[in-house]
Amino acid sequence: MWNKIKAWFKNSITILWARVVALSGLLLVAAQSLLQDPNVAAAIQSVLQPRFIPYYVIAIGVITEIARRRTVGGA
């Protein structure tokens with residue numbers, strides 16, 4: 001089963017990461033109507049505080065870099 005899962009990502013962590021990021025974007029688009037509710041928006045902002053957004057972007061970049069270097073190193 002694990003081989004089938006890895007085959008879906010073509011044995012590439014970079015492709016896996018790209019799909020995770022794309023899926024996250026799709027989920028945010030789908031939840032956009034929920035985010036219009038002030039109660040939901042306040043709850044999300046308390047967990048994902050806007051002041052930490054630059055750190056989230058840095059983390060995404062670091063994970064992307066690690067995944068890409070792993071792929072390049074394996075070639």
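Annotations
- Only residues that are aromatic (F, W, Y) and over 16 Å from A67 (Cα atoms) were counted in region 1-20, giving 2.
- Neighbours by Cβ (under 8 Å, 6+ apart or cross-chain): first from region 43-62, of a type in the set (F, W, Y); second at pLDDT below 85: Y56/L48
- Against the list (1) over 27 Å from N11 (Cβ atoms); (2) polar (S, T, N, Q); (3) surrounded by 11 or more Cβ atoms within 10 Å (Cβ to Cβ), the condition T64 fails is (1).
- Residues being surrounded by 10 or more Cβ atoms within 10 Å (Cβ to Cβ), small (G, A, S) and at pLDDT below 85 - total across region 43-61: 1
- Taking every residue in region 5-18 that is on the phi < 0 side of the Ramachandran plot and pairing it with any residue that is assigned to a helix (DSSP H, G or I) and hydroxyl-bearing (S, T, Y), at least 6 positions away or on another chain, the pairs with Cβ-Cβ distances below 8 Å are S12/T71; I13/T71; T14/T64; T14/T71; W17/T64.
- Checking each residue in region 11-42 for being exposed (fewer than 10 other Cβ atoms within 10 Å of the Cβ) and either of a type in the set (D, E, K, R) or outside any helix (DSSP H, G or I) (or both) picks out only Q36.
The values are calculated or read from the model by the stated rules, or taken from the named source; none is laboratory data. Given the structure is predicted, the values throughout are model-derived calculations rather than measurements. Glycine gets a Cβ as well: all are built from the backbone with ideal geometry, and neighbour counts include every protein chain shown.
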